[in-house]
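K.L.:
Have a look at this one before I ask anything.
The values are calculated or read from the model by the stated rules, or taken from the named source; none is laboratory data. The model shown is predicted, which means the values in this text are computed figures rather than measured ones. FYI the Cβ positions are ideal-geometry reconstructions off the backbone, even for glycines, and counts take in every protein chain you see.
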Amino acid sequence: MKTLKGIHHVTAISSGAKQNYEFFTHVLGMRLVKKTVNQDDVNTYHLFFADDRGNPGTDMTFFDFSGVGAHQKGTDDISRTGLRVPSDEALDYWLKRFEHYGVSHQPISQLFGRKVLEFEDHDQQQYALFSDENGQGVPAGEPWHKGPVPDEYAIVGLGPIYLTVQNLDLMDQVLVNLMKMRQVASEGNQTLYEMGEGGNGGSVIVIEDDTLDIARQGFGGVHHVAFRVEDKAELDQWTEWFDSLSLRNSGYVDRFYFKSLYIRLYPNILFELATDGPGFIDDIEDYEILGETLAMPPHLRPYQKQIEQQVDHFDSIRSTKEFPKEYFN
């Protein structure tokens, strides 16, 4: 069985699809590559923000569940999502960009030899920009070339994912023994794990903290994190591995844009394994209009009209618009 290739996507919860779209499009400069619905709750949007082509390892996705309360921060939680930028200079650019747009952020710091800029969005969702300066490991994606952020500073994928846990020993067993990751470094109460080629796109940072209450899911928090496998054959091998250990899992789930398996190996934290393909360029949308239509996987297309009436419409057409590249003095 091959090891996991890296981070595939992170799925979080937002307080509203339109505001979420505006922040990721206009402030973070990530491309909406698919506007669809939660396949298990079709009254809920599922938005996929990624790099220019929606490459695996670059997707930050969101549900906007109706009536959900705010995320209660705490332990036993996927507590922060890392995003990658090309260089240390890019972090200096993002400081100016965040100041311009009034985004709450911390000063640039350093963690495991990498420069980091922590920030949060309007829902107090927690993020960190990681510099790829001198970085090796899982290759980055590509900038959204038609977006507002200059290519040389743009977000190019997911970086390390933070897990805050009260039981580091248990999480270590999960990540190393069950998920086949490797522990590579520790700083204070933070431990770095890597998978695949490692680097920012293949890292998990575990923070041990048993002083907090257990986190409670809601908008402004992460729903689950997905890790990359090559194809369905590899996914099936992981299913067999978990089954051989009598670990309950979802079994094979076809999400159309990728194939999946879900498993909860540590209390309150949901992991997914997802295939690299087939991706978001499909029979409904080509490269030029990714994310501009309310797109459905085949099994939901007979219900398209009903679904369109149940979600709040917002305009996501960008192919006819120009986003000037923004520089700040």
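K.L.:
Working only within segment 1-51, note down all residues that are among the acidic types (Asp, Glu) and touching a Lys or Arg at 6+ places or on another chain (Cβ under 9 Å).
P.N.:
The one that is among the acidic types (Asp, Glu) and touching a Lys or Arg at 6+ places or on another chain (Cβ under 9 Å): Asp51.
K.L.:
May I pose another question? Hey, could you check segment 246-255 for residues that are outside any strand (DSSP E or B), of a type outside the set (A, V, I, L, M) and touching a strand residue (DSSP E or B) at 6+ places or on another chain (Cβ under 8 Å) and say which is farthest from Met60 (Cα to Cα)?
P.N.:
Arg248
K.L.:
Still on this structure, I have one more. Every residue in segment 1-15 that is assigned to a loop (DSSP other than H, G, I, E, B) and under 28 Å from Gly67 (Cα atoms), please. Write out each step before concluding.
P.N.:
At the first step, the residues of segment 1-15 found to be assigned to a loop (DSSP other than H, G, I, E, B) are 1-6, 14-15.
Passing the criteria: Ser14, Ser15.
K.L.:
Within segment 22-49, which residues are over 25 Å from Pro160 (Cβ atoms) and not β-branched (Val, Ile, Thr)?
P.N.:
Result: Glu22, His26, Lys35, Asn38, Gln39, Asp40, Asp41, Asn43, Tyr45.
K.L.:
Could you check how many residues of segment 1-13 are buried (at least 19 other Cβ atoms within 10 Å of the Cβ) and either modelled with pLDDT under 95 or within 13 Å of the chain's Cα centre (by Cα) (or both)?
P.N.:
The number of residues fulfilling the criteria is 8.
K.L.:
Another question about this same structure. Pull up segment 205-231, narrow it to residues that are under 18 Å from Gly6 (Cβ atoms) and either without any contact (Cβ under 8 Å) to a residue 12 or more places away in the chain or not in a strand (DSSP E or B) (or both), then point me to the one that is farthest from the chain's Cα centre (by Cα).
P.N.:
Among those residues, the one meeting the criterion is Asp231.
K.L.:
Kindly indicate whether any position in segment 94-113 is in contact with a Ser or Thr (Cβ under 7 Å, 6 or more places away or on another chain) and closer than 27 Å to Glu208 by Cβ.
P.N.:
no
K.L.:
Give me the pairs: first residue in segment 176-200 and closer than 17 Å to Phe130 by Cα, second residue surrounded by fewer than 21 Cβ atoms within 10 Å (Cβ to Cβ) and modelled with pLDDT under 95, beta-carbon distance under 7 Å, and six or more apart or on different chains, which are they?
P.N.:
So the pair list comes out as Gly199/Gly135; Gly199/Gln136; Asn200/Gly135.
K.L.:
Being within 24 Å of the chain's Cα centre (by Cα), farther than 30 Å from Ala90 by Cβ, part of a helix (DSSP H, G or I) and not β-branched (Val, Ile, Thr) narrows it down to one of Asp243, Asp312, Asp236, Asp282, so name that one.
P.N.:
Among Asp243, Asp312, Asp236, Asp282, only Asp236 is within 24 Å of the chain's Cα centre (by Cα), farther than 30 Å from Ala90 by Cβ, part of a helix (DSSP H, G or I) and not β-branched (Val, Ile, Thr).
K.L.:
Condition first: under 26 Å from Ala295 (Cβ atoms), in a strand (DSSP E or B) and not polar (S, T, N, Q). Now tell me which residues in segment 61-83 satisfy that.
P.N.:
Phe62, Phe63, Leu83
K.L.:
While we're looking at this one, here's another question. Take Ile207 and decide whether it is β-branched (Val, Ile, Thr), modelled with pLDDT of 95 or more, exposed (fewer than 15 other Cβ atoms within 10 Å of the Cβ) and within 19 Å of Val165 (Cβ to Cβ).
P.N.:
In short, no.
K.L.:
Could you grab me the full set of residues in segment 279-303 that are within 15 Å of Asn38 (Cβ to Cβ) and either surrounded by 15 or more Cβ atoms within 10 Å (Cβ to Cβ) or of a type in the set (S, T, N, Q) (or both)?
P.N.:
Once the filter is applied, which keeps residues that are within 15 Å of Asn38 (Cβ to Cβ) and either surrounded by 15 or more Cβ atoms within 10 Å (Cβ to Cβ) or of a type in the set (S, T, N, Q) (or both), segment 279-303 yields Leu294, Ala295, Met296, Pro297, Leu300.
K.L.:
Using the structure shown, decide if Thr275 is of a type in the set (S, T, N, Q) and more than 19 Å from the chain's Cα centre (by Cα). Break it down into steps so the answer makes sense when it comes.
P.N.:
Working: of a type in the set (S, T, N, Q): yes; more than 19 Å from the chain's Cα centre (by Cα): no.
So Thr275 does not fit the description; no.
K.L.:
Go through segment 247-267 residue by residue and tally those that are under 26 Å from Gln72 (Cα atoms), within 18 Å of the chain's Cα centre (by Cα) and either among the hydroxyl-bearing types (Ser, Thr, Tyr) or buried (at least 16 other Cβ atoms within 10 Å of the Cβ) (or both).
P.N.:
2
K.L.:
Within segment 16-60, work out how many residues are surrounded by 20 or more Cβ atoms within 10 Å (Cβ to Cβ) and either on the phi > 0 side of the Ramachandran plot or not in a helix (DSSP H, G or I) (or both).
P.N.:
24
K.L.:
Then there's this: Which residue is nearest to Val138 (Cα to Cα), if the candidates are limited to segment 70-119 and must be within 21 Å of the chain's Cα centre (by Cα), of a type in the set (Gly, Ala, Ser) and surrounded by fewer than 18 Cβ atoms within 10 Å (Cβ to Cβ)?
P.N.:
Ser87
K.L.:
Using beta carbons and a limit of 8 Å, which pairs, at least six apart or on different chains, have the first residue in segment 105-124 and over 20 Å from Ser203 (Cα atoms) and in contact (Cβ under 8 Å) with a residue 60 or more places away in the chain and the second one among the aliphatic types (A, V, I, L, M) and surrounded by fewer than 16 Cβ atoms within 10 Å (Cβ to Cβ)?
P.N.:
Close Cβ pairs (under 8 Å, with a partner that is among the aliphatic types (A, V, I, L, M) and surrounded by fewer than 16 Cβ atoms within 10 Å (Cβ to Cβ)) amount to Asp123/Ala70; Gln124/Ala70.
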